[in-house]
Structures are given as structure tokens and as C-alpha cells.
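First comes the structure, then the notes that go with it.
The values are calculated or read from the model by the stated rules, or taken from the named source; none is laboratory data. Here the structure is a predicted model, which means the values were calculated and not measured. Note that each Cβ is placed from the backbone with ideal geometry, even for glycine, and that neighbours are counted across all protein chains shown. The area values use the complete protein model at the heavy-atom level, side chains included, leaving out ligands, DNA and RNA. Shrake-Rupley method; radii C 1.70, N 1.55, O 1.52, S 1.80 Å.
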Amino acid sequence: MEKTKKKERYKRLLIQIEELLTKCDDETARMSTIAAILYHKLDYFFWCGFYRIIDGELIVGPYQGTVACQILEKNKGVCWAGINEESTIIVPDVNKFPGHIACDSHSKSEIVVPYRDKNDEIKGVLDVDSKEFDSFDEVDAAFLEKIIALL
Ligand code: SME
């Protein structure tokens, strides 16, 4: 998607998500709302959802898209890299990312954004996959970071 169009789309989505998240404090409900809105409003999102750290493992949470891996092997792949590096990771070509875990072979590029609790501790990641190479850029990173800060 063209950058200006992408920015405008995200600005509207941010407002919409902010409004919807005033209605319920439950984390699963909030994650589900975020995943559903992003997946249905951004057509390059082929898979969109959360992986949560539970007892030291990374386990899938609310998501939209094709069936995902339920548990991700520890310290392998993009999601664990986001957690271990404590930063957003943009992968233009998943084939070039050492250890990438392919839950669906259609996935070609990916972005992972860690989210934190109120004590600033990382609790998991938002993960988004695209069927095209090089779908994600700094606009996705900036807005997805704002969106998951609302969790
Ligand atoms: N590709 C991720 C695994 C999760 S799926 O993309 C839904 C990874 O390498 O951690």
C-alpha cells in the first residue's frame, strides 16, 4: 500500500480502535478487537494476532487468518527475536530470516511488535504476516506500536 494512503488508513483505525477499547477491560476481548479490525481493514494483512508469554512459552492468543502454530519454539523465529531484542522487527523476506517459523508457507514478509504491561514488562507480541514481500515499513511500525500501547 502506498505510504500516504497507509498513514491515513492507520490514523482512522487508531481512532476507531481507541473508541472500541473504552468499552471493556478484558485483555482477550481487547486483543480480539485489535486483531479483527486490523485484519479486516488492511488488505495486505494475511495473518494478524498475538503471541503471549505464558510460563516462559510463547503461546498464540486472539488472531485472524489461517490456522497458526499454537506454541513457538523457544528463542527461535521472529516473535522470540522481538521479545529478546525488546523491539519491533520488520522482516521484508521471511526466507532470509534465520530460524523463521513458517506457520503458513504463503507468508512472505512479517512485522512483530512487542507489547508491555503497566510495569513496562514485555508480555508478548503482535505479529502480522503478508503474502507479499516487503509489505511492512516504518509507518506500520509506528502505528502498530501506538495501537498495542492501548492494550
Ligand atoms: N513467523 C513467526 C511465527 C508465527 S506465524 O507467523 C503466525 C515466527 O517466526 O516467530
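Some notes on this structure:
- Relative to the Cα centre, the charge distribution of the stretch 3-148, modelled as +1 at Lys and Arg Cβ and -1 at Asp and Glu Cβ, gives a dipole magnitude of about 480 debye.
- Between the stretch 109-131 and the stretch 1-36, the alpha-carbon centres lie 15 Å apart.
- Within the assembled protein chains, the solvent-accessible surface assigned to R30 is about 30 Å², based on a 1.4 Å probe.
- Full-extension gain in nm, I59 to A149, via 0.36 nm per residue minus C-alpha separation: 30.4 nm
- Taking each residue as 0.36 nm, the span from T28 to L14 lengthens on full extension beyond its C-alpha to C-alpha distance by 3.2 nm.
- Rounded if a/c under 1.5, otherwise prolate or oblate - the chain, Cα gyration tensor axes: oblate
- In this structure the chain gives 53 Å² per residue of accessible area when probed at 1.4 Å with all protein chains present.
- Cleavage-rule hits, chymotrypsin sites (Phe, Trp or Tyr not before Pro), the stretch 1-109, DSSP coil, Cβ neighbours within 10 Å at most 16: Y44
- Mean-square fluctuations from a GNM of the chain, with a 10 angstrom spring cutoff on Cα atoms, peak among I15, I34, I111 at I15.
- Neighbourhood charge, 13 Å Cβ-Cβ cut-off, centred on D55 and excluding it, Lys, Arg +1 and Asp, Glu -1: +2
- Note on the stretch 3-148: with neighbouring protein chains present and a 1.4 Å probe, carbon and sulfur make up 47 percent of its accessible heavy-atom surface.
- In the stretch 44-107, trypsin sites (Lys or Arg not before Pro) in a DSSP loop with at most 14 other beta-carbon atoms within 10 Å: K74, K76
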